[in-house]
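Reviewing the structure listed below.
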Amino acid sequence: MYHEQTASVVAARHRRHCIIAVVCVACAIVAALVLGVIRGNAREQGAVAVRDSILRAAQQCCAAEGSYPSSLDYLEDHYGLTINHDDYVISYESFASNVAPSVVVVPR
């Protein structure tokens, strides 16, 4: 049996499909934003953890040897510090052996 579709039925179906498409696109955008924020927060927390580990190892070195290490390599070689240099850019500046180093960790 054949039923002829009126213009109003076709227009309503078209409107419904447009609304579904807009809702799907909006959900995809929201999901991408949420994932970006979560990923960004995790990277920042990782950078803070790396900085804290470096400062803790430097303090252990100062307590054991009486002075802060002059380089980050010394901490990695002698105090078991392991850092993923592919994920973080690290600035380690030692002013003097009796002053705590300045450490800045930035995620790549």
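The values are calculated or read from the model by the stated rules, or taken from the named source; none is laboratory data. All values reported here derive from a predicted model rather than from experimental measurement. When we count neighbours, we look across all protein chains shown, and the Cβ atoms used for this are built from the backbone with ideal geometry, even at glycine. We work out accessible area using only protein heavy atoms, side chains counted, and drop any ligands, DNA or RNA first. Shrake-Rupley method; radii C 1.70, N 1.55, O 1.52, S 1.80 Å.
Summary table
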read-out	value
Using θ = phi - 60° and Karplus 6.51 cos²θ - 1.76 cosθ + 1.60, couplings along segment 90-104 (whole Hz; Gly, Pro as x)	10, 10, 10, 10, 10, 7, 8, 6, 9, 10, 4, x, 8, 10, 10
Calculated from backbone phi, Karplus (6.51, -1.76, 1.60) coupling profile of segment 83-89 in Hz, x at Gly/Pro	10, 7, 6, 6, 9, 9, 9
Mean ellipticity per residue at 222 nm, deg cm²/dmol - from DSSP H runs of n ≥ 4 across the chain, formula -39500 (n - 2.57)	-22500 deg cm²/dmol
Estimated vicinal HN-Hα couplings, Hz - segment 17-22 in sequence order (Karplus 6.51, -1.76, 1.60; Gly, Pro = x)	5, 5, 5, 4, 5, 5
Accessible area per residue in Å² at 1.4 Å probe, computed on the chain	74
Nearest-20 debye value, segment 16-108 charge dipole, Cβ charges on Lys, Arg, Asp, Glu	680
